[in-house]
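A quick write-up on the structure given underneath.
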Amino acid sequence: MRPFTHINARTVKQAVTALAQQNGAARLNAGGTDLFGLLKDEYLPAYPDMIVNIKTIAGLNYIKEDKNFLRIGALTRLADISKSSLLRQRYAVLADAAHSVATPQIRNVATLGGNLCQDVRCCYYRYPRHIGGPIQCARKGSGACLAVTGDNRNHAILGGKRCFAVCPSDTAVALTLYDARLLVVGPGGERQIAVGDFYTPLKNGLRSDEMVREIQIPRLPEVPQQTFLKFTLRKPIDFAVVSVAALVSQATGICTEARIALGAVAPGIVRADAAEKFLRGRPLTAETAAQAAELALADARPLSRNAYKINIATALVTRALLGQKECEIPPDEVKAYNPTELSTFHRCSSSTPPGYATVVESGTATP
Amino acid sequence: MATAPAEKRPPAKHVSLVVNGRAVELEIGSQPHQISPSHTLAHTLRETLGLTGTKVTCDNGACGTCTVLMDGAAILSCMTLTVECHGRSIISIEGLADGKTGKLDPLQQSFIDHTAFQCGFCTPGMIMSAKSLLLENPSPVEDEVKEALSGNFCRCISHYQVLRAVMAVAGKEA
């Protein structure tokens, strides 16, 4: 990695002051598992001048519940979230989402704040400098989104605008389901952002001199039925093709509350408002769940090669509503599914130069 | 743009950590004998301290080859800055055998007994991940071992033998 100045922040104020002084040339480092991709591949036009270590800030690693909120410190590690008995019992979707991230080694250092603020995984955006990159694109401020005409199997089917990269965070899906909000600190003070509003097509809602301090989940009055499902091409260390979280409360066979959140289908996390409204006041059956799933994806506008995501998302929403934990989908259940394309998916997204990305190779998926 | 270094704290001149039970003090700077703030722990272990048992494959956090223990938990040394290891205790594959007698750790012996490798390049990472699991949970069931090793990839497909090797140690310790 190229050299940079390194400082250890002792307080949140020190960290945001350093960010403000560097005027966009400094980056915060917590777990580092996303930041190191930037430092090693240098996929952005500018290399950071300064890395601000925020692991040295004491007191930002906690999970606690008070009268109104479940509060999680931004530096709480994903391993602690996935193992927390409080979350396992009452906020299982968040614990499951945290557990679905990457590998044990990464969860041992990666933080909730970092998972929420991680950069997108678009293969054009992250294309490494040392093998012919970086590639310019709309997200980097010049040119068009290359995924629109290129390999877009990994991209948005909902809400894309100028940039079609999807929000890669799994924990954001859980937090959007719970109507959580972020407590963000900048030089001018604190503000709150709903996780559902945090992601926009070209960037997340954090200014260059702000950091996330706390994640606040409104207390659930009871423990509803809740399910998190994540479809990936391999089980560990993979980002979601589609992830879905659903929460249902029933009284005398009728849904009193229904919430559905979809991840990796749009630049942000999508709450399926129409589907939720449809379910409230209706009994939850296989049929109504399937109807709700259709409604949830009614606005989807796929790009040239990602219509298969609609089928996967529909199947996952139906299953999540019914509390089924099965994530695998047989190929014949997915209408637009092309096994050859899917089998080469991760090769295209990681190391194949973009000129080759549209070439469909033969062969089977690596187990 | 010029920046005012008013509140900037000068970087620490040294980073002190414990590697395999031995206190190590490293000077931070840009001279050949110093470590740069941009050096990863994997780089420092291999190039500065000569502990080449820790391997680096992808150098991007995706393969698990560079796994070491930091305060008992498995972490990726290629995704860790050495300057951020101040006050930490690191154990690499070299630190598992008994320092005085040279007797191998039960896990290492079990990997040999079960031939749990082919080319062996991923083995140090596999053993460190397994060690981290056994420190936390001395008698894991098979699914827990698979889960703990899910971040370690072997292109020779030694995973079946690795699973047997770790389960054998778990059985002994149980």
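Here are some notes:
- Residue-averaged beta-carbon neighbours from other chains (10 angstrom radius) around A:11-18: 1
- FRET efficiency estimate (nearest 0.05) - Cβ-Cβ, B:Thr115 to A:Ala274, R0 51 angstrom: 0.30
- Fewest neighbouring Cβ atoms within 10 Å first, the residues A:Ser304, B:Ser158 line up as A:Ser304, B:Ser158.
- Averaged over peptide B:147-153, the number of partner chain Cβ atoms lying within 10 Å of each residue's Cβ comes to 5.
- Adding -39500 (n - 2.57) for every DSSP H run of four residues or longer, then dividing by how many residues chain B holds, sets the calculated 222 nm ellipticity at -7500 deg cm²/dmol.
- Most mobile listed residue (B:Gly53, B:Gly99, B:Gly151) in chain B, GNM with C-alpha springs under 10 Å: B:Gly99
- Note on A:Lys67: aspartates and glutamates with a C-alpha under 18 Å away, same-chain residues under 8 apart excluded, are A:Asp179, A:Glu214, A:Glu222.
- Estimated distance in nm for a label pair at A:Ala251 and A:Asp49, the labels positioned 7 Å out from Cα along Cα-to-Cβ: 6.0 nm
- Comparing A:Ile135, A:Leu19, A:Gly32 along the charge dipole axis of the protein assembly as shown, the residue lying farthest to the positive side is A:Leu19, per the Cβ-charge model.
- With contributions of -39500 (n - 2.57) from each DSSP H run of at least four residues, the per-residue ellipticity at 222 nm computed over chain A stands at -7000 deg cm²/dmol.
- Radius ratio Rg over Rh of the protein assembly as shown, counting only Cα atoms, Kirkwood formula for Rh: 0.96
- Selected from B:Arg88, B:Arg164, B:Arg155 as most flexible by GNM, with chain B as the system and alpha-carbon contacts under 10 Å: B:Arg155
- Most fluctuating residue given options B:Thr82, B:Thr48, B:Thr67, as computed from a GNM of chain B linking Cα atoms under 10 Å: B:Thr48
- Between B:Arg22 and A:Thr11, the FRET efficiency estimated from the beta carbon spacing at R0 = 25 angstrom works out to 0.15.
- Ascending count of other beta-carbon atoms within 10 Å, so fewest first, for A:Val120, B:Val162, A:Val265: A:Val120, B:Val162, A:Val265
- Under the convention that each Lys and Arg Cβ holds +1 and each Asp and Glu Cβ holds -1, the size of the dipole of the stretch B:106-173 around its Cα centre is about 260 debye.
- Taking label points 7 Å from Cα along the Cα-to-Cβ direction, B:Lys100 and B:His14 give a separation of 2.8 nm.
- Span-like helix check, chain A: no full DSSP H segment qualifies, none having both a Cα axial length of 30 Å or more and a mean Kyte-Doolittle of -0.5 or more.
- Peptide A:20-28 - average C-beta neighbours from other chains (10 Å radius): 2
- Members of B:Lys55/B:Lys131; A:Lys13/A:Lys140; A:Lys64/A:Lys230; A:Lys140/A:Lys230; A:Lys40/B:Lys55 lying beyond 20 Å, as alpha-carbon distances in this model show: A:Lys13/A:Lys140; A:Lys64/A:Lys230; A:Lys140/A:Lys230
- A:Ile193/A:Arg219 FRET efficiency (R0 22 Å; Cβ-Cβ; nearest 0.05): 0.70
Every number in this text was worked out from the coordinates using simple rules, so none of it is lab data. On a predicted model such as this, the values are computed, not experimentally measured, just so you know. Quick reminder, even Gly has a Cβ in these numbers, built from the backbone with ideal geometry, and neighbours come from all protein chains shown.
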